[in-house]
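The values are calculated or read from the model by the stated rules, or taken from the named source; none is laboratory data. Just so it is clear, the structure is predicted and the values come from calculations on it, not from any experiment. When we count neighbours, we look across all protein chains shown, and the Cβ atoms used for this are built from the backbone with ideal geometry, even at glycine.
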Amino acid sequence: MIRKTLLSLALLAMASPALAQSDDAGDKWSGFYVGASIGNTDPRGGDDGTLLFDTNLDGSYGDTVRTGAGADAFSPGFCGGVATGRTPGEGCFDDRGGTTLGARMGYDWQMGHWVFGALAEYNRHDVRDGVSGFSTTPASYAMIRELDSTIALRARAGISFGQSNDWLAYATAGAVRAKLNNRFETTNTANAFDLTDSGDADGVQFGLGVERKIAGNVSLGLEYLRTRLDDEDTIVRVSRGTAPATNPFLLVNANGTDMRRSDDRLDLDTLQLTLNYRF
């Protein structure tokens, strides 16, 4: 619904009687600009995530946590979301996207119809991405990451067009750093759990956009961005707590078991309206 609203507003505001190419490109896009953006960001591909285990604490994940009888302690399975109870039958909350608000500044150089530039952008987000596992106890274990903010440095290159060359279509790509809030939730009250989290994630960002001058130095745009973040540093150490020595997490190594998400990459889709003022 949000994406449809953004697209409708952008098309209405940027409607033009003709998009014919002008021979005289002028120099409408050169200069420094500041702007703001509003849109929606959604996580991608979270439904297939699981939890991975390192039962002997050798740094290698993919071990099976087994009961004293040798059975798979996590045979009830996993879900790509946040568990709502102790068993899979109680369901999971889906991953959640939300509103994105941003501020940007940049500089463009126009050479004929070609436009090249660089920009910095800061965005606040409301995104939750989780994965949960269920043990035979029964108990649930959920690793949750929430995207708080991103700061990106991107280049962009495009071409101006239209009767007055007041349209700009472009591609953009660059580096991004994100602030992630990672947390862990479980219904297991016997073991102790310690989460290690760097709080930051680096990655890349790329996308496409279109922008139109609507009044003097003001331009309105519609932009799609794909953000790809590497989140490999979040680990939960499961130790004894009040559990007996026969606890499945302690059978291979008495110091416990490490767990992490199988999906150590977070992919995001953003669709946003931009409003820029060019000096």
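General observations
- Residues that are among the small types (G, A, S) and in a strand (DSSP E or B) were ranked within the range 191-212; the one that is surrounded by the most Cβ atoms within 10 Å (Cβ to Cβ) is A201.
- Residue-level analysis places G39 among those that are at pLDDT 95 or above, touching a helix residue (DSSP H, G or I) at 6+ places or on another chain (Cβ under 7 Å) and either surrounded by 14 or more Cβ atoms within 10 Å (Cβ to Cβ) or not hydroxyl-bearing (S, T, Y) (or both).
- For the range 174-190, a residue qualifies if it is under 30 Å from S30 (Cβ atoms) and either surrounded by fewer than 16 Cβ atoms within 10 Å (Cβ to Cβ) or polar (S, T, N, Q) (or both), and the qualifying residues are A175, R177.
- For the range 215-234, a residue qualifies if it is surrounded by fewer than 15 Cβ atoms within 10 Å (Cβ to Cβ), in a strand (DSSP E or B) and either in contact (Cβ under 8 Å) with a residue 60 or more places away in the chain or hydrophobic (A, V, I, L, M, F, W, C) (or both), and the qualifying residues are A215, V218.
- Per the conditions (1) in contact with a strand residue (DSSP E or B) (Cβ under 8 Å, 6 or more places away or on another chain); (2) touching a residue at least 24 places away in the same chain (Cβ under 8 Å); (3) crowded, with 17+ Cβ neighbours inside 10 Å, the sole criterion not satisfied by A243 is (1).
- Tally of residues being touching a residue at least 12 places away in the same chain (Cβ under 8 Å) and of a type outside the set (A, V, I, L, M, F, W, C) across the range 50-71: 9
- Extreme residue, surrounded by the most Cβ atoms within 10 Å (Cβ to Cβ), among residues of the range 127-158 that are under 30 Å from Y170 (Cβ atoms) and of a type in the set (V, I, T): T150
- T257 satisfies every condition listed in (1) surrounded by fewer than 21 Cβ atoms within 10 Å (Cβ to Cβ); (2) in contact (Cβ under 8 Å) with a residue 60 or more places away in the chain; (3) farther than 29 Å from R104 by Cβ except (1).
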